[in-house]
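Enquirer: Okay, here's the structure, questions in a sec.
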Amino acid sequence: MFRPQLPHSYVGCRREPSRTHTLLFLLLLAIMSLGACSSHSTSARKAPPVQQVPDSFFEPTYPAMPVVIEPGDILTVRFHYHPELDVIQTVRPDGKVSLTMFQGITAAGLSPEEFQTEVVRLYSQEYVRPVVAVGIEKKTTAQVYVSGQVNAGGVKPLPSNSTVGQILAQSGVKERDADLGSVMIVRKFSDKDFKVYRVDARFENGAERDIYLAPNDIVYVPRNAITLIGDFVQKYLRDVIPPQMNVIWGINTDLTSTPLLK
């Protein structure tokens, strides 16, 4: 009896894709494992150590530091016995102000009391025991910086006693991509002293407490692991594996519908 023979190419079509898919799947697992190890070793080698959040961060009065004069602040300088010398001055970008009789006096970085002492010292050269009062009529708006997986990052005004949760709500977190359990806060204590803190900003069922931000904090929202896997599929595997795996699986299977790779 005549038995039609299947072409060699057709016979291979049922076996070869299965092996190809298996190899690609193993390759994906291997690359993910290597990437995780590489990322871990790189971060351990180069990144600054992540600090434990101190209890003071949960207090609305933090940071308890003296107010200092900054460029852009509007100062009032009043002379008790010589009102003709009274001035209202905006601190220049170089941190200096100009008063009657004395020009280019450094004010930035000083507290109002320290600047007042300096003004008294200068005017004591011309007047006997001058009585001076220095105040800040308008303070430069404090700011924080938000970046990472947010829709509206950048510089944000920081009203008094603002928290991480409030700033993230203003920034529009990308909830599908963001890892809110590992938000990073970079806090600067001086020109050469800053620390990095990991914060759980999910606030699930009151398990975590919100944290008060300080001026010039940097809030970074990292990406979650599922998003990173999805990026790998999008960039590297989609051009190799056809989206429809009918031949291999025998059913309609779309990579984008696989929960792990979504």
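Residue-wise test of (1) of a type outside the set (Gly, Ala, Ser); (2) modelled with pLDDT of 90 or more; (3) in contact with a His (Cβ under 6 Å, 6 or more places away or on another chain).
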site: Ser39; (1), (2), (3): no, no, no
site: Ala47; (1), (2), (3): no, no, no
site: Phe57; (1), (2), (3): yes, no, no
site: Tyr62; (1), (2), (3): yes, no, no
site: Val68; (1), (2), (3): yes, no, no
site: Glu84; (1), (2), (3): yes, yes, no
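Enquirer: In addition: Please list, ordered by first then second residue, the pairs with beta carbon atoms under 6 Å, 6 or more apart or interchain, first in the range 145-162 and closer than 24 Å to Asn224 by Cα, second of a type in the set (Lys, Arg).
Expert: From the range 145-162, the pairs are Val146/Lys156; Gln149/Lys174; Gln149/Arg223.
Enquirer: May I ask you to say which residue of Ser190, Ser182, Ser124, Ser111 is polar (S, T, N, Q) and under 12 Å from the mean Cα position of the chain (by Cα)?
Expert: Working: Ser190 fails: under 12 Å from the mean Cα position of the chain (by Cα); Ser124 fails: under 12 Å from the mean Cα position of the chain (by Cα); Ser111 fails: under 12 Å from the mean Cα position of the chain (by Cα).
One residue alone meets the criteria, Ser182.
Enquirer: Please state which of the following conditions Ile136 fails to meet, knowing it meets all the rest: (1) hydrophobic (A, V, I, L, M, F, W, C); (2) without any contact (Cβ under 8 Å) to a residue 60 or more places away in the chain; (3) surrounded by 18 or more Cβ atoms within 10 Å (Cβ to Cβ).
Expert: Here Ile136 clears every test but (2).
Enquirer: Another question, then. Right, Glu114: acidic (Asp, Glu), surrounded by 12 or more Cβ atoms within 10 Å (Cβ to Cβ) and free of Cβ contacts under 8 Å to residues at least 12 places away in the same chain or not? Can you show your working first?
Expert: Details: acidic (Asp, Glu): yes; surrounded by 12 or more Cβ atoms within 10 Å (Cβ to Cβ): yes; free of Cβ contacts under 8 Å to residues at least 12 places away in the same chain: yes.
Yes.
The values are calculated or read from the model by the stated rules, or taken from the named source; none is laboratory data. Here the structure is a predicted model, which means the values were calculated and not measured. No Cβ is skipped: glycine too gets one built from the backbone with ideal geometry, and neighbour counts run over all protein chains shown.
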